[in-house]
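The values are calculated or read from the model by the stated rules, or taken from the named source; none is laboratory data. As the structure is a computational prediction, the values presented were derived from the model and not from experiment. Using ideal geometry, Cβ is built from the backbone for each residue, glycine included, and neighbour counts are taken over all protein chains shown.
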Amino acid sequence: MTYRKLSEQVVHLTNPQRSDTFVKLFRNAVREGKFDGAYMPERFTLPKSFSRRGGGASYNREAKEMLFELSPAFDKWFDETNRELAASRKGGKIKPTVEAIEAGLVDFKTMAAETRQKMQASFKKGQSLGKSRAKTKKK
């Protein structure tokens, strides 16, 4: 039986700024019985940095430490949760970067199709504009 602390697992997150959400989801999963976990007497600091409104100061929060057993059920849950936390953003669209495309957060084929449509629309607009100008010059 291999056991791991929650603070050690938080380090493995793809996006450490979502660590507070991960801890909430972890506690929910333990409460629902998806896997076993137990509270430990110590606390740990979340890697996420929070910022206060108005000022530029940032601060960190602490969470209760938990101990859990590494199991295939946990590994499956962690992979799904980590993927969701990396992909989901409340701030809007994900910027199309090479890293985002390689991570699978942005679909390259869809992006290429949108680009082709924009280029075709731009070409048609230029052609129709050129034709309309050619007609007015002849008169």
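Table for the structure above
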item: Selected residue [farther than 29 Å from Thr2 by Cα, more than 22 Å from the chain's Cα centre (by Cα) and modelled with pLDDT under 90] from Lys93, Lys124, Lys137; result: Lys137
item: Of all residues in segment 28-42 being outside any helix (DSSP H, G or I) and exposed (fewer than 12 other Cβ atoms within 10 Å of the Cβ), the one that is nearest to the chain's Cα centre (by Cα); result: Gly33
item: Residue match in segment 13-27 (condition: touching a helix residue (DSSP H, G or I) at 6+ places or on another chain (Cβ under 7 Å), within 14 Å of Asn82 (Cα to Cα), surrounded by 18 or more Cβ atoms within 10 Å (Cβ to Cβ) and of a type in the set (S, T, N, Q)); result: yes
item: When residues of segment 59-81 are limited to those that are over 21 Å from the mean Cα position of the chain (by Cα) and part of a helix (DSSP H, G or I), the one surrounded by the fewest Cβ atoms within 10 Å (Cβ to Cβ); result: Pro72
